[in-house]
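J.: Quick one: the structure is below, and I'll ask about it shortly.
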Amino acid sequence: MGATHSASEEVRELEGKTGFSSDQIEQLHRRFKHLSGDQPTIRKENFNNIPDLELNPIRSKIVRAFFDNRNLRKGPSGLADEINFEDFLTIMSYFRPIDTTMDEEQVQLCRKEKLRFLFHMYDSDSDGRITLEEYRNVVEELLSGNPHIEKESVRSIADGAMMEAASVCVGRMEPDQVYEGITFDDFLKIWQGIDIETKMHVRFLNVETIALCH
Amino acid sequence: MLRAALPLLGLPLAGAGATEEPTQEPGSPGEPPPGLALFRWQWHEVEAPYLVALWILVASLAKIVFHLSRKVTSLVPESCLLILLGLVLGGIVLAVAKKAEYQLEPGTFFLFLLPPIVLDSGYFMPSRLFFDNLGAILTYAVVGTLWNAFTTGAALWGLQQAGLVAPRVQAGLLDFLLFGSLISAVDPVAVLAVFEEVHVNETLFIIVFGESLLNDAVTVVLYKVCNSFVEMGSANVQATDYLKGVASLFVVSLGGAAVGLVFAFLLALTTRFTKRVRIIEPLLVFLLAYAAYLTAEMASLSAILAVTMCGLGCKKYVEANISHKSRTAVKYTMKTLASCAETIIFMLLGISAVDSSKWAWDSGLVLGTLFFILFFRALGVVLQTWVLNQFRLVPLDKIDQVVMSYGGLRGAVAFALVILLDRTKIPAKDYFVATTIVVVFFTVIVQGLTIKPLVKWLKVKRSEHHKPTLNQELHEHTFDHILAAVEDVVGHHGYHYWRDRWEQFDKKYLSQLLMRRSAYRIRDQIWDVYYRLNIRDAISFVDQGGHVLSSTGLTLPSMPSRNSVAETSVTNLLRESGSGACLDLQVIDTVRSGRDREDAVMHHLLCGGLYKPRYRPRILPALAQHPEAPYCSYSQATHHVFLS
């Protein structure tokens, strides 16, 4: 950031857009610079510098999610090559905790946004549906840490999960009905009653607070 | 009855002498019997165990009778009914025998009645939820109990100074502090009994219940410290004694937890090797958990904490190691024992209240105590919640706080502790006993009765009774990984990071050491849920009248060929209309194979003889390579597979 004057203006702008406080933005900016090696943008390769991320089984999907145009609100599909700080904050804002001051409508909106993020992660080809293949892919990655579970079983699990989803979303199906895949509305139905807004968040530090566990 | 329990503790019964001469006819001492007696009444030989069995029988019959009336049980919690029954029974015994025969003896309570309940709750505690809320639980348990104890004790002393408590209650500040310490602890038995019927949301339940378990350490320390101070005399207490008191808090709690974890480790390790001796598996679980309790008691550490930690720590490995049948045996035995113990406790509470020789009434003390415990509990909860909400990501709102303050029930632990007081050192003991009885009755009866309407009126979030679905499990795991990853990216070592680290450590070292090799290889939570759903589906399928072992000849001509089964799994073939999860009989055999040849044989038999329904939902158009089967009559309509 340039001179302090324009910097604080930028910070305020970002505050307004993403909802983070200025302290949090400072902290995240420091982290961004560390990850990008003082460059203004981050590429996929920069994520390799995070050692702990290697152990994560769904690493590739998560990294992909950072560059997904749908999450960055830049387009209906495709991947960006690099993201700047504002994009970084946009992605992070999906994980902000729900503000207690929000009213019911805003909470619902927040909830939808978070679920949409999750949906985009599953729906890798951006066609608006999670097909059986994509679901199988997810389960494979999740269980990839365990080499003893056979591929057969993994596929059965994915099949079973898909069936379950079908039964929740569509209920009884006619004999010649084909269940194409989980649309976003179906996805919302599956998640009905489960508090995603309270589960899907990460604590972003203010400089003073020390958070151990919530 | 509890004198009858003395033989169980190895002490001789007063009437034991009679057993030495069984052939004595009553009324003719010293003379040989006239002839061969056809029939002799040997009451004294069986008195002790017979009475124990009789009490348990009465308790169980009472439970049956209560549940005959739906209306009554929906309004009144069981614990209330049991206490009232106890009162009635006690009155009868008093009227008949002219003296109170049966009491809730502290020895029996702490050694026999409390451990099953605590073991049951520790073993079946949802550990994820527990650790998620550990901060809140610890705060309420430690800070909250200390606050309650000191404020109640001090307030009562103040009441005495103000003259509202009759002077015949001879108690000083220390005595009141001692009383405050034992009356202020939230009781796990009572909380369980009442909250079980109310079904509030899990977070609320785990916080109140976790608090009731973990505050045992604080109660034990406070009680012992105050007791010793009273014995030493308040003048002799020095500054170092206070420091020792604080230090003993850490020793008792951490020591108790450590004992529990050691036994959990032992238990998990032992069950790893019980493959050939499956029959002793349930026994091992109970024995080692009970040993943990007794060891902690012996060392004056917190026994409740020990058993809780033992249950929490060992569950994952034990469940993986022991056989399916043992798992069921353990679960049901634990539940039965716990339920039985709970019933007896409440009944005995009722009975003990009737013995008026043990208590003395003072209205000022009683009313004051009642008011103060409610008031200070509410105040304490509000203050602590305000502090906690600065740190919690899911703040506890006002309604939660109301339920938490109202749900701070006192129970049998307080009663047992007050009976243990030494009357010579604490002259006001009888007054304390009466007050404790009133408090316990009030909380269990009045608060127990009113909490359900209160919860309904306040529209507290109830527990959503979700059946475990595969999707949920999958998503939860995805979450965990995403959140851990985001924390890594942000560079902040928060809760998810540490949980992830722990899981890695567990996977690499602990599970390998403690789990049987076959279990270790395929252990994965997603897999477990899938497996369990399959088994349940299979069972319900057969229950619904599905003929799994139908004759092999009934393959319909245009059914897809067998090879496709391997690809799409039997699931698809058996599923009717996509309801429920999965019925994949292959699954059941794939992984556990090699263990039982019979399983493999059964599997092939089932596969061969399975009815293939006329309908297979098409999830992947690509998979429908086979020609459409002309859909024959809907005879298999009855073979619905529902998630039961």
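J.: Go through segment B:306-325 and give me each residue that's open to solvent by less than 10 Å² (accessible area, probe 1.4 Å) and in a helix (DSSP H, G or I). Let's see the steps before the verdict.
T.: The initial filter retains those residues of segment B:306-325 that are open to solvent by less than 10 Å² (accessible area, probe 1.4 Å), namely B:306-308, B:310-311, B:314, B:318, B:321-322.
Selection gives B:Ala306, B:Val307, B:Thr308, B:Cys310, B:Gly311, B:Cys314, B:Val318, B:Asn321.
J.: Only one residue in A:Arg136, A:Arg116, A:Arg155 is under 16 Å from the mean Cα position of the chain (by Cα), of a type in the set (D, E, K, R) and assigned to a helix (DSSP H, G or I), so which one is that?
T.: Values: A:Arg136 fails: under 16 Å from the mean Cα position of the chain (by Cα); A:Arg155 fails: under 16 Å from the mean Cα position of the chain (by Cα).
After ruling out the rest, the residue left standing is A:Arg116.
J.: Moving to a separate point now. Being in contact with a helix residue (DSSP H, G or I) (Cβ under 7 Å, 6 or more places away or on another chain) and surrounded by fewer than 17 Cβ atoms within 10 Å (Cβ to Cβ) narrows it down to one of B:Thr295, B:Thr333, so name that one. Reasoning before the result, please.
T.: Working: B:Thr295 fails: surrounded by fewer than 17 Cβ atoms within 10 Å (Cβ to Cβ).
Exactly one of B:Thr295, B:Thr333 is in contact with a helix residue (DSSP H, G or I) (Cβ under 7 Å, 6 or more places away or on another chain) and surrounded by fewer than 17 Cβ atoms within 10 Å (Cβ to Cβ), namely B:Thr333.
J.: Hey, another quick one. Looking for something within 26 Å of B:Ile345 (Cα to Cα), touching an Asp or Glu at 6+ places or on another chain (Cβ under 6 Å) and either without any contact (Cβ under 8 Å) to a residue 60 or more places away in the chain or assigned to a helix (DSSP H, G or I) (or both) - is there at least one such residue anywhere in segment B:397-405?
T.: Step one: of segment B:397-405, the residues within 26 Å of B:Ile345 (Cα to Cα) are B:403-405.
Narrowing the set further to residues that are touching an Asp or Glu at 6+ places or on another chain (Cβ under 6 Å) leaves none.
Among the residues of segment B:397-405, not one is within 26 Å of B:Ile345 (Cα to Cα), touching an Asp or Glu at 6+ places or on another chain (Cβ under 6 Å) and either without any contact (Cβ under 8 Å) to a residue 60 or more places away in the chain or assigned to a helix (DSSP H, G or I) (or both), which makes the answer no.
J.: Within the group B:Asp132, B:Asp187, B:Asp120, B:Asp175, which residue is crowded, with 19+ Cβ neighbours inside 10 Å, acidic (Asp, Glu) and within 14 Å of chain A (Cβ to nearest Cβ)? Reasoning before the result, please.
T.: Working: B:Asp187 fails: within 14 Å of chain A (Cβ to nearest Cβ); B:Asp120 fails: within 14 Å of chain A (Cβ to nearest Cβ); B:Asp175 fails: within 14 Å of chain A (Cβ to nearest Cβ).
Step by step, each of B:Asp132, B:Asp187, B:Asp120, B:Asp175 is checked, and only B:Asp132 is crowded, with 19+ Cβ neighbours inside 10 Å, acidic (Asp, Glu) and within 14 Å of chain A (Cβ to nearest Cβ).
J.: Quick one: what pairs do we get from segment A:20-31, first residue within 12 Å of chain B (Cβ to nearest Cβ) and touching a residue at least 60 places away in the same chain (Cβ under 8 Å), second open to solvent by 60 Å² or more (accessible area, probe 1.4 Å) and not in a helix (DSSP H, G or I), C-beta under 8 Å, 6+ apart or different chains?
T.: A:Gln27/A:Val207
J.: While we're here: For the structure I just gave you, tell me whether A:Leu79 is within 11 Å of chain B (Cβ to nearest Cβ), open to solvent by less than 90 Å² (accessible area, probe 1.4 Å) and at pLDDT below 80.
T.: On the way: within 11 Å of chain B (Cβ to nearest Cβ): no; open to solvent by less than 90 Å² (accessible area, probe 1.4 Å): yes; at pLDDT below 80: yes.
For A:Leu79, the condition - within 11 Å of chain B (Cβ to nearest Cβ), open to solvent by less than 90 Å² (accessible area, probe 1.4 Å) and at pLDDT below 80 - is not met.
J.: Moving on. When you scan segment A:62-69, do you find a residue that is without any contact (Cβ under 8 Å) to a residue 60 or more places away in the chain, in the same structural domain as A:Gln27 (by the TED database), assigned to a strand (DSSP E or B) and of a type outside the set (A, V, I, L, M, F, W, C), even just one? Break it down into steps so the answer makes sense when it comes.
T.: As a first pass, look at segment A:62-69 and keep what is without any contact (Cβ under 8 Å) to a residue 60 or more places away in the chain: A:62-63, A:65-69.
Those still in the list that are in the same structural domain as A:Gln27 (by the TED database) too: A:62-63, A:65-69.
Filter once more, keeping what is assigned to a strand (DSSP E or B): A:68.
Filter once more, so that each one left must be of a type outside the set (A, V, I, L, M, F, W, C): A:68.
Scanning segment A:62-69, I find at least one residue that is without any contact (Cβ under 8 Å) to a residue 60 or more places away in the chain, in the same structural domain as A:Gln27 (by the TED database), assigned to a strand (DSSP E or B) and of a type outside the set (A, V, I, L, M, F, W, C), so the answer is yes.
J.: Scan segment A:11-36 residue by residue and report those that are at positive phi and at pLDDT 80 or above. Can you show your working first?
T.: Of all residues in segment A:11-36, those at positive phi come to A:19.
Result: no residue meets the conditions.
J.: Within segment B:444-472, track down each residue that is open to solvent by less than 30 Å² (accessible area, probe 1.4 Å) and within 11 Å of chain A (Cβ to nearest Cβ). Even if it seems obvious, please write down each step before you answer.
T.: Initial filter on segment B:444-472 (open to solvent by less than 30 Å² (accessible area, probe 1.4 Å)): B:444, B:447-448, B:451, B:455, B:460, B:470-471.
Answer for segment B:444-472, where residues must be open to solvent by less than 30 Å² (accessible area, probe 1.4 Å) and within 11 Å of chain A (Cβ to nearest Cβ): B:Leu470, B:Asn471.
J.: All but one of (1) open to solvent by 10 Å² or more (accessible area, probe 1.4 Å); (2) under 28 Å from B:Ala59 (Cβ atoms); (3) at pLDDT below 90 hold for B:Ser352; state the number of the condition that does not hold.
T.: Result: B:Ser352 passes all but (1).
J.: Under 6 Å between Cβ atoms, which residue pairs at least 6 apart in sequence (or on different chains) link something in segment A:121-141 that is within 11 Å of another protein chain (Cβ to nearest Cβ) with a partner that is of a type in the set (Val, Ile, Thr) and assigned to a helix (DSSP H, G or I)?
T.: A:Tyr122/A:Val138; A:Val139/A:Val154; A:Val139/A:Ile157
J.: Please enumerate the residues belonging to segment B:214-238 that are more than 21 Å from B:Thr151 (Cα to Cα) and not in a loop (DSSP other than H, G, I, E, B).
T.: B:Glu231, B:Met232, B:Ala235, B:Asn236
J.: Can you name every residue in segment B:355-382 that is outside any helix (DSSP H, G or I) and open to solvent by 30 Å² or more (accessible area, probe 1.4 Å)?
T.: Of all residues in segment B:355-382, those outside any helix (DSSP H, G or I) come to B:355, B:359-362.
Scanning segment B:355-382 gives B:Trp359, B:Trp361.
Here's the yes/no breakdown for (1) in contact with a strand residue (DSSP E or B) (Cβ under 9 Å, 6 or more places away or on another chain); (2) under 16 Å from B:Pro106 (Cα atoms):
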{"site": "B:Met404", "(1), (2)": "no, no"}
{"site": "B:Gly407", "(1), (2)": "yes, no"}
{"site": "B:Val413", "(1), (2)": "no, yes"}
{"site": "B:Ile426", "(1), (2)": "no, no"}
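J.: In segment B:492-533, how many are open to solvent by less than 20 Å² (accessible area, probe 1.4 Å), over 22 Å from B:Arg278 (Cβ atoms) and more than 8 Å from chain A (Cβ to nearest Cβ)?
T.: Of the residues in segment B:492-533, 2 are open to solvent by less than 20 Å² (accessible area, probe 1.4 Å), over 22 Å from B:Arg278 (Cβ atoms) and more than 8 Å from chain A (Cβ to nearest Cβ).
J.: How about segment A:38-76: which of its residues are more than 9 Å from chain B (Cβ to nearest Cβ), open to solvent by less than 20 Å² (accessible area, probe 1.4 Å) and of a type outside the set (A, V, I, L, M, F, W, C)? Lay out the reasoning, then the answer.
T.: As a first pass, look at segment A:38-76 and keep what is more than 9 Å from chain B (Cβ to nearest Cβ): A:38-46, A:48-49, A:54, A:60, A:64, A:67-76.
Keeping just the survivors that are open to solvent by less than 20 Å² (accessible area, probe 1.4 Å) gives A:42, A:67-68, A:71-72.
Matches in segment A:38-76: A:Asp68, A:Asn71.
The values are calculated or read from the model by the stated rules, or taken from the named source; none is laboratory data. What you are looking at is a predicted structure, and each value in this text was computed from that prediction instead of being measured. Because the Cβ atoms are built from the backbone with ideal geometry, glycine has one as well, and the counts that use them run over all protein chains shown. To get the accessible areas, we keep the full protein, side chains included, count just its heavy atoms, and leave off ligands, DNA and RNA. Shrake-Rupley method; radii C 1.70, N 1.55, O 1.52, S 1.80 Å.
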